[in-house]
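Derivation of every value follows stated rules applied to the coordinates shown; laboratory data play no part. Quantities reported herein were computed from a predicted structural model and do not represent experimental measurements.
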Amino acid sequence: MDNILVVLVFLAILFGGVYWYAGYSTRSGALKDENQNFIPDAWEEKFSWFFSGKGFIMLLLGIAIGYTLAKVFG
Ligand SMILES: [Ca+2]
C-alpha cells in the first residue's frame, strides 16, 4: 500500500504542477493562449480532457489518497 500512496501523491503533485504551469505560462505570455482560458493552446488540442476534468481528476486523487492513508495508518 505504501507504493500506491507514493504514486498517488506523486501524481497529485505532478498534475497540480501541470495545472499551475498552464496558468503561469499563459498569464506570463510564455505560451500562446489566444482564447484566453489560461490553458496553453498547444496543450489544449491534445489534452483538453485533462483540463476540463481538472476538478474531477483532483477529487479522485484526493479520495484515493485519503482511502490509502486510512488503509496504511488505520
Ligand atoms: Ca487556450
**Prompt:** Could you name the lysines in cross-link range of Lys32, using Cα to Cα under 21 Å and dropping any fewer than eight places away on the same chain?
**Reply:** Lys46, Lys54
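Please compute the length gained on full extension between Trp20 and Glu34, using 0.36 nm multiplied by the number of residues separating them and subtracting their Cα-Cα distance. Before the final figure, lay out the partial values.
Numbers: separation 14, 0.36 × 14 = 5.04 nm, distance 1.83 nm.
This chain segment gains 3.2 nm when fully extended.
What length, rounded to one decimal in nm, is gained on full extension from Lys46 through to Leu59, with 0.36 nm per residue of separation minus their alpha-carbon distance? It would help to have the intermediate numbers written out before the result.
Values: separation 13, 0.36 × 13 = 4.68 nm, distance 2.20 nm.
Gain on extension, Lys46 to Leu59, equals 2.5 nm.
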**Fill in**
Taking a straight Cα-to-Cα line shorter than 18 Å from Lys71, and setting aside same-chain aspartates and glutamates fewer than 8 residues away, one finds Asp2
